[in-house]
Amino acid sequence: MIPHRLRPRDDLGALEGYHSPQLQVSVRLNTNESPFAPPPGFVDDWLDAVRDVPLHRYPDRGAVELRRELGARLGQPPERIFCANGSNEVLQTLLLTYGGAGRRVAVFEPTYALHSHIARITGTEVVVGERRADFSVDAEEAGRLVAATDPVVVLLCSPNNPTGTPDLPEVVEAVAAAAPGLVVVDEAYGEFADRSALELVAEDRPLVVVRTYSKVWSMAAMRLGYCVAPEWVVGELEKVVLPYHLSVPTQLAGTVALRFETEMAARVAWLVEERRRLAGELEATEGVMVFPSGANFLLLRVPDGPGEPPGTRAGRLWERLLARDVLVRDFSRWPRLEGCLRVTVGTRAENDQFVVALRAALPEVVDP
Ligand SMILES: *Cc1c(COP(=O)(O)O)cnc(C)c1O
């Protein structure tokens, strides 16, 4: 008998999965990971800590130690911190708690595709605002959008993925003042930028700042993220998230990493300086334009020739780079990002290899 295949929920029918190809190449600059592994001292201390744990017991459900130490570092009480398996799970928990059928979330495109993806999975309708040509959020446009659509959550992303654009704290403050519900600022790349909305978090402001260990702390494999939010928000999130969702090794990784703050800060500073150098190389390359970035990646655009469909040359360029063993992220045919590729800041050798490959490939995309 042929088994009957159950269809997923009706509103999931049109959903596409998350697409970021994981190809085997020697220069992988497509997912904004840190090019550096965590310090060896971190790995030793973390493994020692894990060895001492009674593995037959459930983890601390409230992740008390991790939240206390993170809070101390951020100058926030632990009651304002919620941790989960990557910042994507933080966002999912926020939308499970405050989104759902009959509710709306507002995003400003182009932005991180997972924001609307997670919204749809939680049954939340997505309303779309436009960014300016320089990809910044216009507080007045945001005000008009929230007045017209009454979203429970406004999602900002600063610096914005994939454009690199940081939001001014004044803009975040203005959006939070205009929004009828929560304003969530995804600061996955916050430490690479010269501004943050973290200081704006307060009990009487409906603002949530989301951060992750994946990029800045070189711990993408570990899956640990958190948010800083008013206590009343954290209390609700705790009710919705699965009990014992954060494993002991993950919690320990979070606390042990904080002892290596100096090493981490040095990596961030190095990557910011290397981003500046790489941006300079791209600016000096004819046929590409590069956008200002406050993150550990750069967005570049390759204009098409007359009569060519949008994204033709950048799409070819992505293929020609791959042929040279360099993988970047292809946004060439995304609405509002036509002709764009995103490159993660890697090691100096990786970045040089990328620039050499780019300069060799560019003539090939003009007239293949
Ligand atoms: C990489 C990234 C994340 C990170 O997700 P994790 O689940 O913490 O690995 C979140 N938001 C944005 C905008 C990102 O680019």
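A short reminder: the numbers here are calculations on the coordinates, not readings from a lab. Model, not experiment: these values are computed from the prediction. Cβ: placed from backbone, ideal geometry, glycine included. Neighbour counts: every protein chain shown.
Scalar couplings 3J(HN,Hα) for region 297-307, obtained by applying the Karplus form with A = 6.51, B = -1.76, C = 1.60 to θ = phi - 60°, are 8, 10, 9, 10, 10, 10, x, 7, x, x, x Hz; x denotes Gly and Pro.
Other residues whose C-beta falls under 13 angstrom from the C-beta of residue 174 contribute a net charge of -4, scoring Lys and Arg +1 and Asp and Glu -1. In degrees from 0 to 90, rounded to the nearest 10, what is the angle of the helix 348-366 Cα long axis to the longest principal axis of the chain? Once rounded, the angle reads 50 degrees. Mean projection of the Cα convex hull over all viewing directions, computed for region 227-368: 12.4 nm². Taking 0.36 nm per residue of separation and subtracting the current Cα-Cα distance, fully stretching the chain between residue 147 and residue 56 would add 27.6 nm.
Taking the C-alpha atoms only, the angle from helix 261-283 to the longest principal axis of the chain is near 20 degrees. The distance separating the Cα centre of region 237-313 from that of region 42-110 comes to 21 Å. Taking the helices alone, the chain has a mean residue ellipticity at 222 nm of -12000 deg cm²/dmol, built from -39,500 (n - 2.57) per DSSP H run of at least 4 residues and averaged over all its residues. Report, to the nearest 10°, how far helix 169-178 tilts away from the longest principal axis of the Cα atoms in the chain, using its own Cα long axis and a range of 0 to 90°. Value to nearest ten degrees: 60. Across all directions, the average flat footprint of the convex hull enclosing the Cα atoms of region 1-96 is 12.7 nm². One decimal place: the segment residue 308-residue 114 gains 66.9 nm when fully extended, by the rule 0.36 nm per residue minus the C-alpha distance. For residue 186, the residues whose amide H sits under 5 Å from its own are 156, 157, 158, 210, ignoring neighbours fewer than 5 places away on the same chain, with H placed 1.01 Å from N. Shown is the FRET efficiency for residue 265 and residue 4, computed with R0 = 51 Å from the Cβ-Cβ distance and rounded to the nearest 0.05: 0.35. For residue 12 and residue 245, the FRET efficiency from 1/(1 + (r/R0)^6), where r spans their Cβ atoms and R0 equals 25 Å, is about 0.65. Here the contact order of region 40-260, divided by its residue count and restricted to Cα pairs under 8 Å and six or more residues apart, works out to 26 percent. Diffusion coefficient of region 93-206 by Stokes-Einstein, Kirkwood radius over Cα pairs, 25 °C, 0.890 mPa s: 176 µm²/s.
Could you give the alpha-carbon Rg of region 140-280 over 2.2 N^0.38 Å, rounded to two decimals?
Region 140-280 yields a ratio of 1.15.
Database remark: amide H of residue 129 closer than 5 angstrom to the amide H of 107, 108, 109 (H placed geometrically; neighbours at sequence offset of 5 or more, or on other chains; Pro and chain starts carry no H).
Applying a DSSP loop filter and a limit of 14 other Cβ atoms within 10 Å to the chymotrypsin sites (Phe, Trp or Tyr not before Pro) in region 183-279 leaves 244. One quarter of the surface of the convex hull around the alpha-carbon atoms of the chain equals 22.0 nm², the direction-averaged projected area. Projecting the Cα atoms of 334, 266, 235 onto the dipole axis of the chain, where Lys and Arg carry +1 and Asp and Glu carry -1 at the beta carbon, places 334 farthest toward the positive end.
Dimensions of region 156-219 along the principal axes, based on C-alpha atoms and rounded to the nearest Å, stand at 35, 22, 17, largest first. Here the chain is assigned +1 on the Cβ of each Lys and Arg and -1 on the Cβ of each Asp and Glu. Its dipole about the Cα centre then comes out at about 840 debye.
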